[in-house]
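Encoded as structure tokens, the structure appears first; notes follow it.
The values are calculated or read from the model by the stated rules, or taken from the named source; none is laboratory data. Only a predicted model underlies this, so the values are computations on that prediction, with no experimental measurement involved. Every residue, glycine among them, receives a Cβ derived from its backbone with ideal geometry; neighbour counts consider all protein chains shown.
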Amino acid sequence: MMKRIAVLTKPKLLEVKATLQSLVSWIRSHDREVLLYSKTASLIGEPAMYDKKQIAEFADLLLVLGGDGTMLNAARLVEERQVPILGVNMGGLGFLTEVGAGDLYPALERVIAQEYLIEERLMLRGQLHRHGEHVAQSTVLNDIIVSKGALSRMIEVQATVDGHVVTKLRGDGLIVSTPTGSTAYSMSAGGPILHPSVNALILTPISPHTLTHRPLLIPGNAALELMLLSQDEGAMVTFDGQVGVAMSPGDTVTITASPHKTRLIRFPERTYYDTLRMKLKWGDG
């Protein structure tokens, strides 16, 4: 029973204000408790009832108004509790969102009536190590990227899978992507699109210096290590395109599958292939 519905929005998405006001009223009129994060609450003058940790702890459903960036944030927020997420696209490409703003209330009626499916998505945990010390970590739904900084030259990265050296790549960087992230930066860099049910990771080079470097698929449960061999400063590791940490020569990034999955609410009449066709405009024109 989804008695507590949390609502997460992009803080600066002011055009969501009217939708948010009517949504809060709708939730309460259906005898559900609404949980609002402080920045979301401030948009409509509601008291800041909960912080993000409390939302993750108490929510039975996380309703996301925004786009893929807000969905990625939501996935990290509720990772350990695996709260179901319903994404409502408020503009943009929206690969992860399930419905448009015009279908919000019919979709919620179906969720309350338990007429939906749960689609589980692989997540990754990345850790940055320096001289044996733990420096930073994050969980991602899309990708972990080691790349050159804005002013640095091309970098050299050694990729090791399950203890076996795969390559020393010179170029602008390397993307480690989940199947969910295959339609994000990896696709832009020439990587393949993977169905979300495929248990694999994609290693996609960014502008490699050697033309023989191509995207590589590895098992989803593989243990991956990326070591920065370059001596120039300026390289970065980026988690889901939202958290960036500067790297130093010799730093390593270890990547493994998270024990938790992102749980997305889906409706049976639309498949992943429908989403690809619609978002990528396959067959148009």
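A single entry from Gly283, Gly220, Gly244, Gly190 fulfils the requirement of being of a type outside the set (D, E, K, R), surrounded by fewer than 19 Cβ atoms within 10 Å (Cβ to Cβ) and under 20 Å from Leu151 (Cα atoms): Gly244.
With respect to the stated conditions, Gly149 is surrounded by fewer than 18 Cβ atoms within 10 Å (Cβ to Cβ) and over 30 Å from Arg263 (Cα atoms). Here Phe239 meets the list (1) out of contact with any Leu (no Cβ under 7 Å at 6 or more places or on another chain); (2) modelled with pLDDT under 95; (3) closer than 21 Å to Thr178 by Cβ almost entirely, failing just condition (2).
Rundown of residues vs (1) in contact with a strand residue (DSSP E or B) (Cβ under 8 Å, 6 or more places away or on another chain); (2) at pLDDT below 95; (3) in the same structural domain as Leu217 (by TED's automatic domain parsing), yes/no style:
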{"residue": "Leu128", "(1), (2), (3)": "yes, no, yes"}
{"residue": "Gly132", "(1), (2), (3)": "no, yes, yes"}
{"residue": "Ser138", "(1), (2), (3)": "yes, no, yes"}
{"residue": "Val146", "(1), (2), (3)": "yes, no, yes"}
{"residue": "Ala150", "(1), (2), (3)": "no, yes, yes"}
{"residue": "Met154", "(1), (2), (3)": "yes, yes, yes"}
{"residue": "Ala159", "(1), (2), (3)": "yes, no, yes"}
{"residue": "Thr167", "(1), (2), (3)": "yes, no, yes"}
{"residue": "Gly173", "(1), (2), (3)": "yes, no, yes"}
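Condition check ((1) under 30 Å from Pro106 (Cβ atoms); (2) of a type outside the set (D, E, K, R); (3) at pLDDT 95 or above; (4) not assigned by TED's automatic domain parsing to the domain that holds Asp103) across all residues:
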site: Leu217; (1), (2), (3), (4): no, yes, yes, yes
site: Asn221; (1), (2), (3), (4): no, yes, yes, yes
site: Glu225; (1), (2), (3), (4): no, no, yes, yes
site: Leu228; (1), (2), (3), (4): no, yes, yes, yes
site: Val243; (1), (2), (3), (4): no, yes, no, yes
site: Val253; (1), (2), (3), (4): no, yes, yes, yes
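Would you say Ser197 is under 22 Å from His260 (Cβ atoms), assigned by TED's automatic domain parsing to the domain that holds Phe239, of a type outside the set (Asp, Glu) and loosely packed, with under 14 Cβ neighbours inside 10 Å? Judged against the criteria, Ser197 is a match.
The listed residues are Ile202, Ile255, and the only one of them that is of a type outside the set (Phe, Trp, Tyr), in a strand (DSSP E or B) and touching a helix residue (DSSP H, G or I) at 6+ places or on another chain (Cβ under 6 Å) turns out to be Ile202. Contact map, region 213-231: first residue in contact (Cβ under 8 Å) with a residue 24 or more places away in the chain, second residue in a loop (DSSP other than H, G, I, E, B) and of a type in the set (Gly, Ala, Ser), Cβ cut-off under 6 Å, separation 6 or more or different chains; pairs are Pro215/Gly191; Leu228/Ala235.
Among the residues in region 15-38, are any without any contact (Cβ under 8 Å) to a residue 60 or more places away in the chain, of a type in the set (Gly, Ala, Ser), under 26 Å from Gly241 (Cα atoms) and out of contact with any helix residue (DSSP H, G or I) (no Cβ under 8 Å at 6 or more places or on another chain)? Yes, there is a match, as at least one residue in region 15-38 is without any contact (Cβ under 8 Å) to a residue 60 or more places away in the chain, of a type in the set (Gly, Ala, Ser), under 26 Å from Gly241 (Cα atoms) and out of contact with any helix residue (DSSP H, G or I) (no Cβ under 8 Å at 6 or more places or on another chain).
Summed over region 145-182, the residues that are at negative phi and in a loop (DSSP other than H, G, I, E, B) give a count of 10. Here is the figure for region 121-144: residues that are touching a residue at least 12 places away in the same chain (Cβ under 8 Å) and not in a strand (DSSP E or B) total 3. Every test in (1) in a strand (DSSP E or B); (2) surrounded by fewer than 18 Cβ atoms within 10 Å (Cβ to Cβ) is passed by Arg277 save one, and that test is (1). For region 28-120, the helices (runs of 4 or more DSSP H) that sit wholly inside it and include 2 or more residues that are over 21 Å from Gly181 (Cβ atoms) are 38-43, 52-58, 104-112.
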